[in-house]
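See structure below.
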Amino acid sequence: MRSSRRLLPSRLAYALVAAVLGMALAASATPSPLYAVYRAEWGFSSFVLTAIFAVYAIAVLVALLLTGRLSDDVGRRPVLIGALTAMIAATALFLVADSVAWLFAARALQGLSTGVAMSAAGAALLELHPRGDSHAAGLTNGVVAAASMGLGAFVSAALVEWAPAPERTPYAALLVVFAVLLVGALLMPETVAERRRPRLRPQRPHVPKAIRGAFALSSLGVLASWAIGGLFMSLGPQLAALELHTDSHLAGGLAILAMTGSGAVSQVLFERAAPWRLTAGGAIVLSLGMAGIVGSLSLDVGPVFLAASVLTGLGWGVAFLGALRSLTAVVPPHHRGETMSAFYLVAYTSISLPALGAGLVVGSWGLLPTFRVFGGLVVLAGLATAIGAVRMRPGGAPAPERAGALAALD
């Protein structure tokens, strides 16, 4: 048996799991600044671009459906080790890609590995937190998710703009980081005490009956926030270059960072608010921000576009935090993996469908009209989310007492 002296202490293991989650999402954003380079070299259409983006989200969904409860059965550690190994393989595919087919293959494997990692990492964060604080674990999850996507896109854009071999350097850097994380995962403690025989077959997403109200509220928040992410990650770099009147790769990275960076900051600022207030207030702010982005397309003023992106991000981050907190506070320990899997299933459905829809029509409608229409739909979804969150706000017993009662019922 492995000596306990060789295992990482809980605090370091908690940071490691957060880093795995963050780097998985940062890696998912790394190709975004490179799509313009790939299009110039290989000549594919805007629909193919959004399809490359969407195949990642679809692969995540497949992984969640197949492996949602895998870490509940075999443990968090082996699942994270396997996921990191697959992330290294996906990054290697990007590194040697020389055609669109390679991009599809790399994105598919990247999505599968990320989907496997996300439910396991989300559950492990709850179990490894030094104080067992579900709110703090939810905050870590939300901030890491928001910040990592923006930083991944921005760092990649900077490397593409200034580093040698722009189509290779971002992925070489990712390989080094993933290798370090894999070594750390080999040394992390296991948090699942009872192991079961794994079941790798398609399964209906399961949420315990006692927490379905909280899950519905969290689904509303993630629906509005991640739909915006889908539009920004697929069409944002092109839109930013157009609005900022530049062909620099940094434009797309800056636009994504403006949204996701402000989203991370907003979660820290408002993390003490009640989950339903976070979801409702965040949805309203992100609707206002997206309306501002749509309006800025007519004004053709770059600073207005960036300011509206920041406002959108503020609402996006708060809405996502509300979604996470409303769920993590009540999820029973023995259902954590599959419940977090169901949560991310909603998230990646929300992020992929708008991107695919926009990709289908952008060739005939044009970039700006497409973003106006889909941005308007996101505004409506945000407002509907705010109304739903207010209607579903908790009543009666205080949230912590009610959460404990619900968990006990399961």
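Just so it is clear, none of the values below were taken in a lab; they were calculated from the coordinates. The structure presented is a predicted model; accordingly, all values stated were derived computationally and were not measured. Every residue, glycine as well, gets a Cβ built from its backbone with ideal geometry; the counts of neighbours run over all protein chains shown.
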Legend entry - Of GLY313, GLY132, GLY263, the one that fluctuates the most in a GNM where the chain has Cα springs shorter than 10 Å: GLY132
Inset, instruction - Tell me which label goes with the value of mean projected area of the Cα convex hull in nm² computed from the coordinates here: (1) 21.3; (2) 26.2; (3) 18.8. - result: (3)
Legend entry - the chain: calculated mean residue ellipticity at 222 nm from DSSP helix runs of at least 4, using -39500 (n - 2.57): -27500 deg cm²/dmol
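May I ask for the percentage of alpha-carbon pairs in segment 1-154 that lie more than 25 Å from each other? Don't jump to the answer; show the numbers that get you there.
Values: 3870 of 11781 pairs.
Cα-Cα pairs in segment 1-154 separated by more than 25 Å: 33 percent.
Sort 316-323, 179-186, 218-225 by packing, meaning the average of other beta carbons within 10 Å per residue, with the highest value first.
Working: 316-323: 33.0, 179-186: 17.0, 218-225: 29.2.
Result, highest mean Cβ count within 10 Å first: 316-323, 218-225, 179-186.
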Legend entry - Label-to-label distance, nm, for residues given as VAL301 and SER364 (7 Å Cα→Cβ offset): 3.5
Legend entry - Which of LEU220, THR349, SER71, positive extreme of dipole for the chain (C-beta unit charges): SER71
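State, as an integer percentage, the relative contact order of the chain based on alpha-carbon contacts under 8 Å between residues 6 or more apart. Intermediate results must be reported in sequence, preceding the final value.
On the way: 769 pairs, mean separation 107.3, N = 410.
26 percent.
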Inset, instruction - Filter the DSSP H helices in the chain by two things, a Kyte-Doolittle mean of at least 0.5 and an axial alpha-carbon span of 18 angstrom or more, and list the hits by number. - result: 10-29, 46-67, 76-96, 100-128, 134-162, 169-186, 212-243, 250-269, 275-299, 302-328, 336-365, 367-391
